[in-house]
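Okay, structure first, notes after.
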Amino acid sequence: MEKVVIYSKEMEFYLNDLIDILFYNDYFSYKENAENYVLKLKNEIESVISLKKHWTAPKNFKTTVKNISWFL
């Protein structure tokens, strides 16, 4: 079974804002480095999410996808 992680719009906005925050607060000298850091962060989330406790999604969520789960 293929694992697909879908981020909420709020999480996507947060990660995009995080790039600017890291760059403009001088955590990284180059914006590209901040982008790479956030990309690595997303990869880390996606690699360990299967280790988190998950629940099978309600039936009304399964209209188009089989074996969907959600995490807290």
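The values are calculated or read from the model by the stated rules, or taken from the named source; none is laboratory data. Model, not experiment: these values are computed from the prediction. All Cβ positions, even for glycine, are placed from backbone atoms using ideal geometry, and neighbour counts span all protein chains on display. SASA here: full protein model, heavy atoms, side chains in, ligands and nucleic acids out. Shrake-Rupley method; radii C 1.70, N 1.55, O 1.52, S 1.80 Å.
Quick notes on this structure:
- Per-residue accessible area (protein heavy atoms, 1.4 Å probe) orders ILE6, ILE45 as ILE6, ILE45, starting from the largest.
- Within the assembled protein chains, the solvent-accessible surface assigned to GLU35 is about 90 Å², based on a 1.4 Å probe.
- Projecting label points 7 angstrom from Cα along Cα→Cβ for ASN36 and ILE49 puts them 2.4 nm apart.
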